Amino acid sequence: MLGRLAAQRFREIRQVFRQIPLVSRSFSTALNYHLDTPDNNPDLPWEFTEANKVKVKEVLSHYPSNYKQSAVIPLLDLAQQQHGGWLTVSSMNEVARIIEVAPIRVYEVATFYSMFNRTKVGKYHLLVCGTTPCMLRGSRDIEDALLKHLGVKRNEVTKDGLFSVGEMECMGCCVNAPMITVADYSNGSEGYTYNYYEDVTPKRVVEIVEALRRGEKPPRGTQNPKRINSGPEGGNTTLLGEPKPPPCRDLDAC
Amino acid sequence: MGLGLLASRTLLRSGKIQPGNFTSLLRRCIVSTTELQNAEAAQAQAQPDTDLPKRSPVGGARVHFPNPEDAIEVFVDGYPVKIPKGMTVLQACEIAGVDIPRFCYHSRLSIAGNCRMCLVEVEKSPKPVASCAMPALPGMKIKTDTPIAKKAREGVMEFLLMNHPLDCPICDQGGECDLQDQSMAFGSDRGRFTETKRSVVDKNLGPLVKTVMTRCIQCTRCVRFATEIAGVQDLGMLGRGSGEEIGTYVERLMTSELSGNVIDICPVGALTSKPFAFKARNWELKGTETIDVTDAVGSNIRIDSRGPEVMRIVPRLNEDINEEWISDKTRFFYDGLKRQRLNDPMIRGPDGRFKAVSWRDALAVVAEVIHQVKPDEIVGVAGKLSDAESMMALKDFLNKMGSNNVWCEGNGPNPNADIRSGYIMNTSISGLEKADVFLLVGTQPRVEAAMVNARIRKTVRATQAKVGYVGPATDLNYDHEHLGTGPQILKEIAEGRHPFSSTLTNAKNPCIIVGAGVFERNDKDAIFSVVETIAGRAKVVRPDWNGLNVLLLNAAQAAALDLGLIPDSGKKIESSKFIYLMGADDVNLEKVPEDAFVVYQGHHGDRGVYRANVIFPASAFSEKEGTYVNTEGCVQTTVPAVPTVGDARDDWKIIRALSEVAGACLPYDSLSAIRSRMRTVAPNLLNIDERQPATFSYSLKPESHQETGTVPFGTVVENFYMTDSITRASKVMAQCRTLLLKI
């Protein structure tokens with residue numbers, strides 16, 4: 001009996017591994033520890049650009065001088081924008097130096113938030129929403145289409161360094177599901193944009209990718225030509241007339 | 001877990017466990033689960049007990065009311081308990097005699113509240129509350145034994161065990177694991193988790209701490225310990241959710257001198273001792289409560305031994321000295337006790353090689369030689385690890401031979417043994433917590449006395465005490481002001497020309513700590529008189545506060561000065577013909593004349609042996625009973641934990657035997673007899689485990705007319721890990737030296 005139980009358990013375990021490829025659910029783009037690589041190691045010098053140093057000063061001015069560590073998230077964000085969408089160890093060390101905390105306190109924050117990338121991403125980082133409404137409206141197909149078109153795996157950068165695809169949780173566009181976000185790091189922190197493309201189809205996302213590759217800026221927002229922003233397709237179907245005034249007593253009749 | 005449960009049941013049935021607290025804990029795990037399945041109904045049925053059996057606080061916890069008006073009353077399981085305001089629910093329960101299970105809560109660390117194991121029910125609270133983080137409020141009705149509380153604990157336990165590997169049989173924590181014990185006592189006997197468990201990459205924290213990160217339950221005790229007590233912000237909590245793990249992110253060794261303590265505070269087997277890994281199970285070890293001799297702090301330790309072998313060293317609680325921490329040197333130097341030991345008496349032959357001989361022959365040779373030299377050519381030096389008894393015997397013996405050239409190494413050429421307050425820590429180690437300004441003179445407490453440094457760091461963290469430091473630039477792990485490197489700065493402070501002198505004068509409880517490295521300086525008296533001037537200006541010595549301290553380096557130093565082991569003059573070693581080294585390895589052996597006869601009595605083949613003509617093997621501190629005085633003047637004794645090796649004998653016995661062969665028999669044959677002799681010299685040495693404060697203060701000291709030199713203070717301890725013959729023989733300490741000290 002024990003043997004049978006063990007065999008059954010083994011089958012179950014195998015089933016689990018078959019169903020879920022291990023890479024499919026990783027929130028963050030990297031491991032929780034750092035491995036030295038030529039483009040990411042503590043010995044590389046890193047500092048904010050002159051323009052960003054002004055911004056750093058501005059960010060720090062938002063917080064009391066004895067609570068500089070409060071600026072960790074805005075500064076990490078700025079560092080990420082400046083460094084092409086990802087944080088190296090030396091950039092995190094620089095942030096730690098500025099806010100006067102131990103580097104590990106910055107690593108803790110950077111590893112906690114999935115929007116901080118700790119491995120290289122493409123100049124255009126495409127984030128597919130994977131939360132329930134988008135998933136029901138076909139976000140898996142959208143992701144598959146993107147991955148197939150670009151010929152990469154999730155969180156992998158294309159050979160030309162232009163694109164990478166990741167998954168993100170709900171970004172609040174459920175009414176226009178499915179949606180993707182394009183984080184544009186091609187122009188540094190000055191030209192940084194973070195645009196939503198909503199109501200996408202597997203065909204449309206490929207068109208968007210190709211437009212981005214050509215350097216165009218496809219219109220953001222809903223990609224369904226029949227919709228205006230979050231309005232219903234083909235115009236409004238209810239509430240067509242003027243809104244009725246609130247009911248009032250006919251004062252003259254009194 | 002299943003096995004453990006089975007074992008507990010068998011034990012219970014066979015009745016081998018004494019009825020008491022432990023049994024009641026075990027019994028709790030065998031509650032029937034029927035009432036747990038319907039918590040509300042069971043609660044309604046529960047009858048209030050009318051006759052409450054008496055309870056006593058957990059671990060003899062006592063309540064201290066700083067302000068009697070702030071006392072509040074809470075009810076724990078129906079018992080009224082009076083506690084001071086600001087205590088947490090968990091502390092209230094402890095005083096009421098209920099031990100709440102916990103993982104993340106540790107009384108010496110900040111409160112995290114993330115393990116949720118300490119959930120209790122509080123009346124009128126809609127859900128169970130985490131007792132470690134909840135302040136107790138007046139009239140709170142806390143229930144720790146209700147079905148809701150039990151069910152909450154079972155649930156937390158099930159979640160904790162979800163990702164915990166079932167490798168207790170190969171885990172070094174097995175048998176002393178909080179998770180194991182508490183899952184026995186409070187957990188369910190089954191789990192519902194059927195998916196695969198997560199695994200985490202192990203981290204390399206250095207040669208002392210072994211990590212098995214898959215076992216980690218994310219209590220963050222180690223992170224808080226490293227940040228708050230050790231003062232090295234290397235560890236952190238990385239990632240989120242089920243991917244959360246403890247780590248350093250970048251590969252980094254834990255370079256703290258207190259890193260070994262994370263082994264003790266880890267409630268599971270995630271952080272264990274690397275040298276002890278797979279060496280023994282904790283239940284087969286014999287614990288001997290003794291003290292540490294590697295520095296002058298005298299940390300309280302327990303030597304765990306198996307047969308003749310010391311397996312590991314763990315700290316004992318002593319609030320006045322080491323709290324519950326010990327330094328890495330104390331914890332891991334024990335492998336040095338097994339290496340380089342001297343087994344047999346040996347005589348160096350004409351060919352320069354040692355030959356093992358019998359005790360009789362060796363003693364006869366030495367006795368013959370000692371009669372051939374003039375009395376003032378005889379010199380005796382006691383080593384860093386000598387106990388008071390053997391130093392007494394050495395002094396008595398050499399005095400009988402007509403010589404008075406006996407001293408203990410580290411006390412310098414011209415020690416001050418007349419006024420006790422001039423060489424001990426008058427504030428006491430726990431008293432340092434009351435100080436608000438520190439002035440460290442020529443001392444780096446982090447390497448000289450790690451536990452004292454931990455105390456200073458605790459004070460600095462708690463009260464933002466200011467620290468001024470005079471000496472070579474160093475990394476103390478707290479904020480300090482580096483005033484300068486030489487004695488000139490002290491003069492400036494004494495004359496009020498330095499900004500720090502006003503900081504000292506304005507302080508409520510100023511504290512000056514002078515390092516024992518100053519003893520070796522030529523301008524020692526001048527430096528002490530400058531320090532006294534500073535002390536006088538800043539009112540450091542008052543009837544209610546004595547903040548003038550000397551931080552000693554070695555375990556033997558204070559006792560040697562108490563017993564009056566002072567040389568006639570500092571230059572004796574150059575003109576000596578007979579040198580008796582009792583474990584003294586740091587004597588400058590190049591100064592020893594070619595024709596001098598050197599006897600080395602000790603337990604390790606260290607530096608002293610190279611020059612020795614005769615070797616007497618002695619027992620180490622772990623093998624003998626001996627009295628030691630720590631830097632604050634607290635008298636403690638070591639207790640033999642393991643038998644000694646080979647033909648080695650206790651130090652005082654060797655000298656006693658030698659005295660008889662030499663025809664100057666010492667009048668004591670037993671430890672109690674030698675202690676009554678000690679009473680006539682230094683009566684304080686018999687008040688075991690008591691701190692005898694110095695009675696006279698500096699004011700009685702004759703004035704010094706020496707001028708301070710300009711030589712800057714040096715680093716006294718270059719290598720924290722290897723300071724004496726045992727630590728120099730230790731492989732683990734050598735690894736630490738190569739890996740952790742390359743800065």
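The values are calculated or read from the model by the stated rules, or taken from the named source; none is laboratory data. Computed from a predicted structure; not experimentally measured. With ideal geometry, Cβ positions are generated from the backbone for all residues, glycine too; neighbour counts draw on all protein chains shown. Just so you know, the surface numbers come from the protein's heavy atoms only, side chains and all, with ligands and any DNA or RNA stripped out. Shrake-Rupley method; radii C 1.70, N 1.55, O 1.52, S 1.80 Å.
Figure legend. Inter-residue proximity from the stretch A:221-244: first residues more than 15 Å from A:C173 (Cβ to Cβ), second residues surrounded by 13 or more Cβ atoms within 10 Å (Cβ to Cβ), beta-carbon distance below 7 Å, spacing 6+ or different chains. Indicated pairs: A:E233/A:N224; A:E233/A:R227. Return yes or no: is B:T23 open to solvent by 70 Å² or more (accessible area, probe 1.4 Å), in a helix (DSSP H, G or I) and modelled with pLDDT under 50? It is false that B:T23 is open to solvent by 70 Å² or more (accessible area, probe 1.4 Å), in a helix (DSSP H, G or I) and modelled with pLDDT under 50. Applying the set (1) hydrophobic (A, V, I, L, M, F, W, C); (2) open to solvent by less than 30 Å² (accessible area, probe 1.4 Å); (3) away from every other protein chain (no Cβ under 14 Å) to B:V232 leaves exactly one unmet item: (3).
Evaluating B:D264 against the criteria (1) in the same structural domain as B:V201 (by TED's automatic domain parsing); (2) more than 18 Å from B:A450 (Cα to Cα) leaves one unmet condition, (2). Scanning the stretch B:581-592 for residues that are in contact with an Asp or Glu (Cβ under 7 Å, 6 or more places away or on another chain) and at pLDDT below 90 returns B:D586, B:V587, B:K591.
Kindly indicate which of B:A393, B:A367, B:A362 is among the hydrophobic types (A, V, I, L, M, F, W, C), assigned to a helix (DSSP H, G or I) and in contact with a strand residue (DSSP E or B) (Cβ under 7 Å, 6 or more places away or on another chain). If you could, list the steps in order and put the result at the bottom.
Numbers: B:A393 fails: in contact with a strand residue (DSSP E or B) (Cβ under 7 Å, 6 or more places away or on another chain); B:A367 fails: in contact with a strand residue (DSSP E or B) (Cβ under 7 Å, 6 or more places away or on another chain).
One residue alone meets the criteria, B:A362.
When the stretch B:537-594 is filtered for residues that are open to solvent by 10 Å² or more (accessible area, probe 1.4 Å) and under 15 Å from B:L385 (Cβ atoms), the ones remaining, listed by number, are B:L553, B:N554, B:G583, B:D586, B:V587.
On the basis of being away from chain A (no Cβ under 14 Å), surrounded by fewer than 24 Cβ atoms within 10 Å (Cβ to Cβ), farther than 28 Å from B:L552 by Cβ and of a type in the set (V, I, T), does B:I265 make the cut? Show your work before the answer.
Values: away from chain A (no Cβ under 14 Å): yes; surrounded by fewer than 24 Cβ atoms within 10 Å (Cβ to Cβ): yes; farther than 28 Å from B:L552 by Cβ: yes; of a type in the set (V, I, T): yes.
Criteria met by B:I265.
If B:V711 satisfies every condition in (1) among the β-branched types (V, I, T); (2) in contact with a Leu (Cβ under 7 Å, 6 or more places away or on another chain); (3) surrounded by fewer than 16 Cβ atoms within 10 Å (Cβ to Cβ) but one, which is the exception? (2) is the only condition that B:V711 fails.
Within the stretch B:641-664, take every residue that is among the charged types (D, E, K, R) and crowded, with 18+ Cβ neighbours inside 10 Å and give me the one that is nearest to B:P345 (Cα to Cα). Applying the filter and picking the extreme gives B:R649.
Kindly indicate whether B:R656 is charged (D, E, K, R), assigned by TED's automatic domain parsing to the domain that holds B:S390 and in contact with a Cys (Cβ under 9 Å, 6 or more places away or on another chain). Yes; evaluated as a whole, the condition is true for this residue. Taking into account only those residues within the stretch B:235-262 that are β-branched (V, I, T) and more than 7 Å from chain A (Cβ to nearest Cβ), which is most open to solvent (accessible area, probe 1.4 Å)? By that ranking, first place goes to B:T255. When you look at B:D189, is it of a type outside the set (A, V, I, L, M, F, W, C), more than 10 Å from chain A (Cβ to nearest Cβ), in a helix (DSSP H, G or I) and closer than 21 Å to B:R102 by Cα, yes or no? Considered against the rule, which asks whether it is of a type outside the set (A, V, I, L, M, F, W, C), more than 10 Å from chain A (Cβ to nearest Cβ), in a helix (DSSP H, G or I) and closer than 21 Å to B:R102 by Cα, B:D189 comes out as no.
Among all residues of the stretch B:273-282, there is none that is more than 14 Å from every other protein chain (Cβ to nearest Cβ), at pLDDT below 95, surrounded by 22 or more Cβ atoms within 10 Å (Cβ to Cβ) and not in a loop (DSSP other than H, G, I, E, B). Just one residue in the set B:K197, B:K210 is assigned to a loop (DSSP other than H, G, I, E, B) and open to solvent by 20 Å² or more (accessible area, probe 1.4 Å); that residue is B:K197.
Return the residues of the stretch B:213-223 that are part of a helix (DSSP H, G or I) and either buried (at least 21 other Cβ atoms within 10 Å of the Cβ) or not assigned by TED's automatic domain parsing to the domain that holds B:D172 (or both); say none if nothing qualifies.
Result: B:R215, B:R221, B:C222, B:V223.
Evaluating B:T144 against the criteria (1) more than 30 Å from B:E257 (Cα to Cα); (2) open to solvent by 20 Å² or more (accessible area, probe 1.4 Å); (3) in the same structural domain as B:V81 (by TED's automatic domain parsing) leaves one unmet condition, (2).
Given the criterion acidic (D, E), at pLDDT below 90 and at negative phi, identify the matching residue among B:D418, B:D361.
Working: B:D361 fails: at pLDDT below 90.
It is B:D418.
Which is basic (K, R) and open to solvent by less than 30 Å² (accessible area, probe 1.4 Å), of B:R455, B:R461?
Values: B:R461 fails: open to solvent by less than 30 Å² (accessible area, probe 1.4 Å).
Residue meeting the stated conditions: B:R455.
State yes or no: is B:E625 touching a Pro at 6+ places or on another chain (Cβ under 7 Å) and modelled with pLDDT of 90 or more?
yes
Taking the conditions (1) among the aromatic types (F, W, Y); (2) in contact with a strand residue (DSSP E or B) (Cβ under 6 Å, 6 or more places away or on another chain); (3) closer than 22 Å to B:G564 by Cβ in turn, B:W652 satisfies each one other than (2).
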